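Engineer: Take a look at the following structure, please.
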Amino acid sequence: MTHASVDSQVPDPVLHGPDTGHEDHAHSPHLAHHFDTMEQQYDSGKLGMWVFLATELLMFGGLFCAYAVYRANHPEVFLYAHSYLNTMWGAINTTVLLASSLTMAWAVRCSQLNQQKALIALLLATLVGGAGFMCIKAIEYNHKFQEDLGPGRFNQYNVDYKGNEEYKGMTNPEGMTALQAQEKAMTPHPLPVVAPASQPSRPGLYFDPNSTGADKALITPRYSADASLSEAQASRTADVGGEKKPVAEGAAADEEHERGVQFVDMNNNLSRQRINTFFGIYYCMTGLHGVHVIVGMSLIFWIMWRAATSAQRVWMPPLPVLAIGAYLIFIYGISHVAGFLYVGIPLLILGVLWLVLRFVTAKRSGPVTEGEFSDAYFAPVDLVGLYWHLVDLIWIFLFPLLYLIHGKVGS
Amino acid sequence: MSTVNPSVPIRPLTEPVVHGDNYLNHQRGILSWILTLDHKRIGIMYMIGVMSAFALGGFFAMMLRTELLTPGPTFSSNATTAWDFYNNMFTLHGAVMVFLFIIPAVPAILGNFVMPLMLGAKDVAFPRLNLLSLYCWIGGGVFFVYVLLSGVIHSIMPSVTLPGGYGLDTGWTFYTPYSTTTGSSVIAATFGAFILGFSSILTGVNFLATIHTLRPKGMTWFKMPLFCWALYATSVIQILATPVLAITLLLLIAERALGIGIFDPHLGGDPVLYQHFFWFYSHPAVYIMILPGMGVISEIVATFTHKHIFGYKFIALSSLAIALLGFLVWGHHMFVSGQSSVTNAIFSAITVLIAIPSAIKVFNWMATMYGGSIRLNTPFCYALGFIGLFTIGGLTGLPLAAISTDVHLTDTYFVVAHFHYVMVGSMLFAFIGGMYYWYPKMFGKMYNDKVGRYLCLAVYLGFNLTFFPQFIAGTNGMPRRYASYPDQYQIYHVLSSIGAYSMGLALVGVLINWVSGLRSGPVAAANPWGANTLEWEATSPPPHDNFAVAPEAGDPYEMARWKQVGEYEWVIDPNYKPGLNAHH
């Protein structure tokens, strides 16, 4: 054997000449030399990918386990806090990912049937689906950050949140004593207000913002009728006994969903720390999933590159730069945080310039090499498809667990 | 059963092969090593890294044992500084030894080098993934080096501020809420461990696929060498358990960086949940550590008793049993964490069950030795050490599995001694024994076997002097991770520290033994030991592609196929006829 690498592609006949070093034994150029047959290589790759998917399941499994433990122990927290999530966007995301799984599976079939153009088109469609998912994710996250419902210390329910000076005393003995004294002084515990059954609109979750706050360790959302309400918060109100009162975001955003929920925190179990934990779990699960979507999109782009003809490859490399630039500008558009613009615009310009450069310098003549995949060799498309399906599957579990929580009254 | 197939060319095994074309000189230049896809080169690079990590972890051990020589502060006149330093030393010792040394050692070095050869294959199933695993190991190591350097910088120049903190003082277990609130560089260390986890996971994926799909014709599952069975069981654990560690460490990093409140009660979290997550990985992890070692011992015992291994199927299946049972017992690290008595009882009962497959192996090795033709070469000395010390380590696990005794012994030196008997007395001995066993194959040279045997005795004595007194100290109540203690415990600590220094010196001797073998040892034959697994049919050292033609697989323990022609030289016996002594 004269070549060092074990997996050699078809060498460029223009650069390397006709001698590929394979004259003594004929086999597919895609067969790695430590395998005896293409079938063995394919089986090995398939097994490896399924085993890797098992490891991904176990990694997410830890998060699902944390979810299960906290929800089992504090169902009222999940019931309450999940209403901050926007079910509509979540459902659209689910549909988008399912559609992208369809196009991915179809792409695998196309590669098996030598349908090169359809393969490229479907891979592109899958990428568009993934990009759509990330855009909706950006909208959702942006909503939350603007409501001070970010992860960890960016969350209004976190005791370390910058605005919650009075809650920092939770580990401070003096602060705790003061809180306990307040609670003792309060009899009986005021219960949150529940909409009467005759309420025509907006039955759901809301709390009396004017409660005397004796249950400060428990839930008092920052919906007080003063100037500190953000515009978005102030605009969301509901009729309670004829008065307009501010409501939790989820209730206002998704009337259909909230209609069935009547909530009474009879044991005053809702603690702000636990709500913070719900959001922590939410961001960890959806965030890790988002990372996997990005990884999946990168893998699909790599497969698209390999499947592309040399003519198509002319315009491919600038695409990720363009896409990231556009994505950052989109985030700026919804969040108005200047930083995204400062990074997004240069990337967009760079991408456009690069694209123009590639068009201008592309060879107009010469042999056009075909894409790599055919009915004889489609394993990479297959395996990347498996990965993308797992990413989709994880979201299928995340969506109902996080967005579609219904529970018993007054647990 | 296979006969010697005359159409399979077997190189004349007496020609000097070191200067022939082998994997070491196949291509030259640093890039040919850094970008190699050759499993043998990857194994050698792992060896250099992992042994350096061992030296680093050993250095930390020497430091902490020196601190423990006296009850008062040793490394600083200021007691607080000395105790902080001690916390850093035992944490870094544990973390470096566990994550950088003992988990990768046998699979990444010996498994990478030997397993494809044992299967008559040209490489592992995914060579590029193998290289990625190596890069992940190096990347993780870089983070630990950073943690170490941050501690060093801080102690020399306390006014320098580093983002993320200095050193690591949480214990290798990173229990919350201390790890979420301490000022040490927990994020760097846990991120390093996270990357190392991927090295382990990808190696597991690779080995599992290799064993499933690259076995040669004729090598059915139950004709596979036991080292491969051990690596297979290890791979199953690596694949299923390590991702849980990955997510646990990610959550810990998120907790520290963002304050998300999963584990910290101040933020609404549950610290016992952390312990469950952590031990769900870390208990199977100890089986990742020991199973490959047991595979090495199976090979060594069979070879140096020149006998077919006794109870092959039992040993093979007991590896799987240990792997699977190991997932069910993590709660025995948490008997005093406040979990319910029912939970404690269930974990205790299943923990005791794991003794059964472990004992099956020990009895099978002993039965193999009975009536065998024993040669006391260095690898076999280490194997004997393993069997005795593993028995002690395993038996001392039983008082820890039984709750009534565990509540007194938990977090004492008894636990420390128990796990060092299984991790050092067993696993390190298996690793060193395996290195000595496959040394001639890897380097084409022989070491001085007599010196090796004396060094084995020195390591053995040093080890026992270090850790046996710790059993007694523990039963007398000496807690673990304490830098200071009442005077009555000093004698145990002094004995232990003297043992530690002796063992350290002996291990340096082992390194010198290996290096001098490389420099001035005699050329090794292809099969110095008379073993029958397929790697011994390749030359020493093997060529780049392992075998010119794939060897034909038969019974891996059919030693009678070979006849001895020199002290460390065996060749295929052309007159051997199977059937008379064929063993199923």
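Engineer: How large is log10 of I(q)/I(0) for the range B:318-419 at q = 0.18 Å⁻¹ when the intensity is taken from the Debye formula with one equal scatterer per alpha-carbon?
Structural biologist: The computed values of log10 I(q)/I(0) come out as -0.90.
Engineer: A follow-up question, please. Just tell me, in residue order, which DSSP H segments of chain B are both 30 angstrom or longer along the helix axis (alpha-carbon based) and at least 1.6 in mean Kyte-Doolittle hydropathy.
Structural biologist: Working: long enough: B:39-67 (41 Å, 0.85); B:127-156 (43 Å, 1.36); B:186-213 (40 Å, 1.57); B:226-258 (47 Å, 1.77); B:271-304 (49 Å, 1.03); B:341-369 (43 Å, 1.36); B:378-401 (34 Å, 1.41); B:449-475 (39 Å, 0.73); B:490-520 (44 Å, 1.00).
Going by DSSP H runs, the hits are B:226-258.
Engineer: 7 Å from Cα along Cα→Cβ at both residue B:339 and residue A:337: what's the point-to-point distance in nm?
Structural biologist: 3.9
Engineer: Further question: With labels modelled as points extended 7 Å from the Cα through the Cβ direction, what inter-label distance (nm, one decimal) is found for residue B:375 paired with residue B:352?
Structural biologist: Result for the modelled spin labels: 4.4 nm.
Engineer: On to the next question. Can you tally the net charge around residue B:88? Count Lys and Arg as +1, Asp and Glu as -1, for every other residue whose Cβ sits under 11 Å from the Cβ of residue B:88.
Structural biologist: Details: positive: none; negative: B:67, B:84, B:169.
Computed value for this residue: -3.
Engineer: State the percent of C-alpha pairs, over all pairs in the range B:374-448, separated by a distance greater than 21 angstrom.
Structural biologist: Working: 1125 of 2775 pairs.
It works out to 41 percent of all Cα pairs.
Engineer: Ok, one more. What shape does chain B have by the C-alpha gyration tensor, where a ≥ b ≥ c are the square roots of the eigenvalues, rounded means a/c under 1.5, and otherwise prolate means a/b greater than b/c and oblate the rest?
Structural biologist: prolate
Engineer: Shape verdict for the range A:282-402, please, from the Cα gyration tensor: rounded (a/c under 1.5), prolate (a/b greater than b/c) or oblate.
Structural biologist: Values: a/c = 4.70, a/b = 1.17, b/c = 4.00.
Oblate, because a/c is 1.5 or more while a/b does not exceed b/c.
Engineer: Once you wrap a convex hull around the alpha carbon atoms of the range B:442-508, what is its projected area averaged over all directions, in nm²? Could the numbers behind the result be given before it?
Structural biologist: Details: hull surface 23.6 nm².
Convex hull of Cα atoms, orientation-averaged projection: 5.9 nm².
Engineer: Ok, one more. Mind checking the log10 I(q)/I(0) for the range B:342-381 at q = 0.14, 0.19, 0.34 Å⁻¹? Debye, one equal scatterer per Cα, no solvent, two decimals.
Structural biologist: Log-scaled intensity ratios, in q order: -0.51, -0.67, -1.02.
Engineer: Net charge near residue B:113: determine it from the other residues with C-beta under 14 Å of the C-beta of residue B:113, scoring Lys and Arg +1 and Asp and Glu -1.
Structural biologist: Numbers: positive: B:40, B:41, B:122, B:441; negative: B:38, B:123, B:299, B:535.
That works out to 0.
Engineer: Indicate the gyration tensor shape class of the range B:519-571 (rounded, prolate or oblate), computed on the Cα atoms with a ≥ b ≥ c the square roots of the eigenvalues: a/c under 1.5 is rounded; otherwise a/b larger than b/c is prolate and the rest oblate. It would help to have the intermediate numbers written out before the result.
Structural biologist: Details: a/c = 2.73, a/b = 1.14, b/c = 2.39.
Oblate, since a/c reaches 1.5 and b/c is not below a/b.
Engineer: What translational diffusion coefficient, in µm²/s and rounded to a whole number, does the Stokes-Einstein relation yield for the range B:448-584 at 37 °C and a viscosity of 0.692 mPa s, taking the hydrodynamic radius as the Kirkwood radius over Cα pairs?
Structural biologist: Numbers: Rh = 19.2 Å.
Estimated diffusion coefficient is 171 µm²/s.
Engineer: Which of B:573, A:36, B:123, B:487 comes first, and how do the rest follow, when ranked by fewest Cβ neighbours within 10 Å?
Structural biologist: Working: B:573 14, A:36 17, B:123 24, B:487 8.
Ordered from fewest to most neighbouring Cβ atoms within 10 Å, B:573, A:36, B:123, B:487 come out as B:487, B:573, A:36, B:123.
Engineer: So, one more: Can you put B:299, B:537, B:255 in order of Cβ neighbours within 10 angstrom, beginning with the fewest? If you can, show how the numbers build up before the last one.
Structural biologist: Values: B:299 30, B:537 23, B:255 27.
Ordered by Cβ neighbours within 10 Å, fewest first: B:537, B:255, B:299.
Engineer: Under a point spin-label approximation (7 Å from Cα along Cα-to-Cβ), what is the residue A:91-residue B:482 distance to one decimal in nm?
Structural biologist: 6.3
Engineer: Hey, another quick one. Output wanted: per-residue J couplings in Hz (rounded whole) for the range A:92-97, from phi through Karplus 6.51 cos²θ - 1.76 cosθ + 1.60, θ = phi - 60°, x for Gly and Pro.
Structural biologist: Residue by residue, the range A:92-97 yields 4, 4, 4, 5, 4, 5 Hz.
Engineer: Less than 14 Å Cβ to Cβ from residue A:53, Lys/Arg counted +1 and Asp/Glu -1: what total charge do the surrounding residues give? Each step should come with its number before you reach the end.
Structural biologist: Numbers: positive: A:46; negative: A:56, A:382, A:392.
Counting the neighbours of residue A:53, the net charge comes to -2.
Engineer: Compute the longest continuous run of chain B that contains no exposed trypsin sites (Lys or Arg not before Pro); treat a site as exposed when its DSSP state is not H, G, I, E or B and it has at most 16 other Cβ atoms within 10 Å. Each step should come with its number before you reach the end.
Structural biologist: On the way: sites that count: B:28, B:217, B:375, B:481.
Longest site-free region, per DSSP loop and neighbour criteria: B:29-216.
Engineer: Above 13 Å lies some portion of the pair distances; for the range A:318-373, what is it as a whole percent of all C-alpha pairs?
Structural biologist: Pairs farther apart than 13 Å: 65 percent.
Engineer: Whole-Hz Karplus ³J(HN,Hα) for the range A:115-129, in order, using 6.51 cos²θ - 1.76 cosθ + 1.60 and θ = phi - 60°, x for Gly and Pro?
Structural biologist: Couplings: 8, 5, 5, 5, 4, 4, 4, 6, 5, 5, 4, 4, 4, 4, x Hz.
Engineer: Give me D for the range A:24-68 in µm² s⁻¹, whole number, from Stokes-Einstein with Rh from the Kirkwood sum over alpha-carbon pairs, 4 °C and 1.567 mPa s. Please report the intermediate quantities before stating the final value.
Structural biologist: Numbers: Rh = 12.9 Å.
D, rounded to a whole number, is 100 µm²/s.
Every number in this text was worked out from the coordinates using simple rules, so none of it is lab data. Since the structure is predicted, the reported quantities are computational estimates derived from the model, not experimental observations. Neighbour counts run over all protein chains shown; Cβ positions are idealised from the backbone, glycine included.
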